[in-house]
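Structure, as structure tokens:
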Amino acid sequence: MGRKSTKENKNIYQISRENMEYSRDTAAEKMGFMSSDRIEKIENEKSLPHPEEVLAMAGCYKNPSLCNYFCSHECPIGIEYVPEIKEKALSQITLEMLATLNKLVREKDRLIEITVDGELSEDELPDFLKIKEELKEMSLAIDSLNLWMDQTIASGKIDKNLLPEDF
């Protein structure tokens, strides 16, 4: 195994590789199509990774959150449209989801009133924006749950073979 890095400001890709206790050479060998030099350029931020490289690293390093990180921080389209998903405990995700669901249940009738005519009037806009924000919170909670599940599968705590094929 190669020497241990003493670099202080390691990026997420290097941290993920080192968490697996892989040298760059080992990681390159396991991924098959990336060289250790390419991994070094990505880790030293001399080059941005390509999406297929991030997918390979996420699988190799058993860290699906690398994909969300890439999309929300490095991809020009993703920076605009993909929120960063923070890893959380299942209990926290569940409580956030239930809290948001409770808010949405209370707002459901108001949303129907606002949208029934297919128009959004000036006086309806504040309520609509509030409901839209609550829906965004629900979307983030769902994304957090999906990331938690992907991490749990990647770590081997759930056998992917026990899940339906389309999962």
So how many Å³ per residue does the convex hull of the Cα atoms of segment 74-167 work out to? 165
If the reach is capped at under 18 angstrom between alpha carbons, list the lysines near residue 86, excluding any in the same chain fewer than eight residues apart. 62, 136
So what's the back-of-envelope 222 nm ellipticity for the chain, counting only DSSP H runs of four-plus at -39500 (n - 2.57) apiece and dividing by all residues, rounded to 500? -20000 deg cm²/dmol
State the answer as a single residue: which of 23, 54, 69 lies farthest towards the positive end of the charge dipole of segment 9-138, with beta carbon charges of +1 for Lys and Arg and -1 for Asp and Glu, about the Cα centre. 23
Nearest-20 debye value, segment 98-164 charge dipole, Cβ charges on Lys, Arg, Asp, Glu: 600
Only one of the values (1) 47, 15, 13; (2) 40, 19, 13; (3) 24, 21, 15 was calculated from this structure for semi-axes √(5λ) of the Cα gyration tensor in Å; name its label. (2)
Accessible area of segment 27-161 with a 1.4 Å probe: how many percent of it is carbon plus sulfur? 55
Debye, to nearest 20: dipole size of the chain, +1 on Lys, Arg Cβ, -1 on Asp, Glu Cβ: 1100
Options 145, 118, 131, ranked by Cα towards positive dipole end of the chain, top entry (Cβ charges): 145
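Once a ≥ b ≥ c are taken as the square roots of the eigenvalues of the Cα gyration tensor of segment 53-95, is the result rounded (a/c under 1.5), prolate (a/b larger than b/c) or oblate (a/b not larger than b/c)?
The shape class here is oblate.
Of all the Cα-Cα pairs you can form in segment 35-121, what percent are over 21 Å apart? The partial results should precede the final answer.
Values: 2078 of 3741 pairs.
Here the tail beyond 21 Å accounts for 56 percent of pairs.
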Mind checking the per residue accessible area of segment 33-167 for me, 1.4 Å probe, whole number of Å²? 67
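The values are calculated or read from the model by the stated rules, or taken from the named source; none is laboratory data. All values reported here derive from a predicted model rather than from experimental measurement. With ideal geometry, Cβ positions are generated from the backbone for all residues, glycine too; neighbour counts draw on all protein chains shown. Heads up: the accessible areas ignore ligands, DNA and RNA and are worked out on the full protein's heavy atoms, side chains in. Shrake-Rupley method; radii C 1.70, N 1.55, O 1.52, S 1.80 Å.
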